[in-house]
Amino acid sequence: MNIILRNFSLSHFASLSRRVPLKATAAVLAASLALTACSMHEQRDAPEPLSEGQILQIMHSLNTDEIDQAELAIRDSDNRAVRDVAQHILRDHTESNERIKAQIESEEDLEESTLNNALTMQLTSTREEMSQLSGTEFDCFYLTSQVEQHELALDIVRSQLQPDAEETDVQSMLESTEDWLGHHLEAAEQARISLDECS
């Protein structure tokens, strides 16, 4: 998983349907790139570790899109459970971005990566699709997306960001991030279960 996520093709990622869930997308990528990973193993080319700037940029991108989606849910949903989840997510991801800003001297310290670009592309697509929905369809799509996005975020934090982080402050931030990402995932799952229309 670690090698595959770092070396997947952006064009392949972009070609996936916007309606394919993030969890399914990850599975498709893993399967389609298994041969590539095998070839890389044979060549003994280890994936390049993410730099601190790339780690912070990935977290910043995830935070920013989660903030945008949460604001959209708070504005457009009439469901109390959905709005509560969105408020929780908005608060924590906003605080995380503020912590990232305190960690760097300027935005130039943030570095792009293939993983960040692909994640941004997929998350933006999800947000755009969500903006076209309303009512129960909107609520179920938002909660389902939150479950899938937080599962993916947790996997990335655990399998890539934490192993590559070297600075103590970044390691500490990722530990707290892992904790509240898990809380968000649980809250979104419970809210989705509570809505009969989403079953």
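The values are calculated or read from the model by the stated rules, or taken from the named source; none is laboratory data. Bear in mind the structure is a predicted one, so any value in this text is a computation, not a measurement. Please note: Cβ atoms are built from the backbone with ideal geometry, for glycine as well, and neighbour counts cover all protein chains shown.
If you check V170 against the conditions, is it in contact (Cβ under 8 Å) with a residue 40 or more places away in the chain and within 13 Å of E66 (Cα to Cα)? Answer is no for this residue. Determine the pairs where a residue that is free of Cβ contacts under 8 Å to residues at least 12 places away in the same chain, located within segment 77-89, has a partner that is not hydrophobic (A, V, I, L, M, F, W, C) with Cβ atoms under 6 Å apart, the partner being 6 or more residues away or on another chain. Close Cβ pairs (under 6 Å, with a partner that is not hydrophobic (A, V, I, L, M, F, W, C)) amount to R83/S77. Here the condition is being small (G, A, S) and either in contact (Cβ under 8 Å) with a residue 24 or more places away in the chain or in contact with a helix residue (DSSP H, G or I) (Cβ under 8 Å, 6 or more places away or on another chain) (or both); of A118, A102, it holds for A118 alone.
Taken together, D84, D78 contain a single residue that is out of contact with any strand residue (DSSP E or B) (no Cβ under 7 Å at 6 or more places or on another chain), part of a helix (DSSP H, G or I) and either among the charged types (D, E, K, R) or surrounded by fewer than 17 Cβ atoms within 10 Å (Cβ to Cβ) (or both), which is D84. Among the conditions (1) at pLDDT 50 or above; (2) in a loop (DSSP other than H, G, I, E, B), the only one that R19 does not satisfy is (1). Being among the polar types (S, T, N, Q) and out of contact with any Leu (no Cβ under 8 Å at 6 or more places or on another chain) is the filter; apply it to segment 87-104 and report the residue that is surrounded by the fewest Cβ atoms within 10 Å (Cβ to Cβ). Here the answer is Q87.
Being in contact with an Asp or Glu (Cβ under 7 Å, 6 or more places away or on another chain) and either surrounded by fewer than 16 Cβ atoms within 10 Å (Cβ to Cβ) or at positive phi (or both) is the requirement here; does E107 meet it? Let's see the steps before the verdict.
Values: in contact with an Asp or Glu (Cβ under 7 Å, 6 or more places away or on another chain): no; either surrounded by fewer than 16 Cβ atoms within 10 Å (Cβ to Cβ) or at positive phi (or both): yes.
For E107, the condition - in contact with an Asp or Glu (Cβ under 7 Å, 6 or more places away or on another chain) and either surrounded by fewer than 16 Cβ atoms within 10 Å (Cβ to Cβ) or at positive phi (or both) - is not met.
Keeping to segment 133-186, report how many residues are of a type in the set (D, E), within 13 Å of the chain's Cα centre (by Cα) and within 19 Å of T94 (Cβ to Cβ). Spell out the reasoning first.
Here is the first cut: in segment 133-186, the residues of a type in the set (D, E) are 137, 139, 148, 151, 155, 164, 166-167, 169, 175, 178-179, 186.
Narrowing the set further to residues that are within 13 Å of the chain's Cα centre (by Cα) leaves 148, 151, 155, 178.
Keeping just the survivors that are within 19 Å of T94 (Cβ to Cβ) gives 178.
Residues flagged as of a type in the set (D, E), within 13 Å of the chain's Cα centre (by Cα) and within 19 Å of T94 (Cβ to Cβ) within segment 133-186 amount to 1.
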